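What follows is a short report on a single structure.
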Amino acid sequence: MTDPRELYQQVILEHNKKPRNFGRLEPCTHRADGHNPLCGDRLELTLWVKDGVVEDVKFQGQGCAIDVASASLMTTAIKGKPLAEVERLGEQFRAMVRGELDPGRQPHDLGKLSMFQGVKDLPVRVKCAVLPWATLHSALQGEAIASTE
Ligand code: ZN
């Protein structure tokens, strides 16, 4: 069996090298900027939401490997999903990286995103992993700037 940590590292490196949905949607229905001052991660998220479904999403910016991989995986996870499901995924993701949800023991819909469970053991990286989700939440709430505080 592959060591989950090794798999996690491979996925992070792979998404960092080839981020999915990288760029900017123009026009878009929702957008927000996210900034994590602790690490220096910055990203811009643009979405096209129609009839309560995320039809398209893109991100761009500069960040550490965990931030970029998290944003890349997030965009693949939410594309085509209804907003209620997207918000639930965000809540579950945040709970997981804070160690409040154990994807091995508790029910969840995280799928591949559960790869980030190891981040809970790296407290300085939690904000990097959460930044794309915080930015997504801001964009959907109509706030243009996200904060990881
Ligand atoms: Zn970072």
Open item on the list: I'm told GLY90 meets every condition in (1) open to solvent by 60 Å² or more (accessible area, probe 1.4 Å); (2) away from the ligand (no atom under 16 Å from the Cβ) except one. Can you identify the failing condition by its number?
Closed with: (1)
TODO: Go through (1) within 16 Å of the ligand (Cβ to nearest atom); (2) more than 13 Å from the chain's Cα centre (by Cα) and name the single condition GLU55 misses.
DONE: (1)
Open item on the list: For the condition open to solvent by 10 Å² or more (accessible area, probe 1.4 Å) and away from the ligand (no atom under 16 Å from the Cβ), what is the one hit in LEU140, LEU110?
Closed with: LEU140
Task: Residue in the range 1-49 that is farthest from the ligand (Cβ to nearest atom), counting only those that are under 12 Å from ALA69 (Cβ atoms), assigned to a loop (DSSP other than H, G, I, E, B) and open to solvent by less than 80 Å² (accessible area, probe 1.4 Å) - done: ARG20
Task: Residue, nearest to the ligand (Cβ to nearest atom), within the range 58-87, restricted to residues that are over 11 Å from the mean Cα position of the chain (by Cα) and within 16 Å of HIS15 (Cα to Cα) - done: CYS64
TODO: Just give me the residues in the range 108-135 being among the hydrophobic types (A, V, I, L, M, F, W, C) and not in a helix (DSSP H, G or I), in sequence order.
DONE: LEU110, LEU122
TODO: List the number of the failed condition for GLY80; all other conditions in (1) part of a helix (DSSP H, G or I); (2) open to solvent by 50 Å² or more (accessible area, probe 1.4 Å) hold.
DONE: (1)
- [ ] Could you grab me the full set of residues in the range 113-137 that are open to solvent by 70 Å² or more (accessible area, probe 1.4 Å) and among the aliphatic types (A, V, I, L, M)?
- [x] LEU122, VAL124
Open item on the list: If I filter the range 120-137 down to residues being in contact with a Phe, Trp or Tyr (Cβ under 9 Å, 6 or more places away or on another chain) and β-branched (Val, Ile, Thr), which single residue comes out as nearest to the ligand (Cβ to nearest atom)?
Closed with: VAL130
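The values are calculated or read from the model by the stated rules, or taken from the named source; none is laboratory data. What you see is a predicted model; the values in this text were computed from it and never measured. All Cβ positions, glycine included, derive from the backbone under ideal geometry; neighbour counts span all protein chains shown. Side chains included, ligands, DNA and RNA excluded: accessible areas come from the protein's heavy atoms. Shrake-Rupley method; radii C 1.70, N 1.55, O 1.52, S 1.80 Å.
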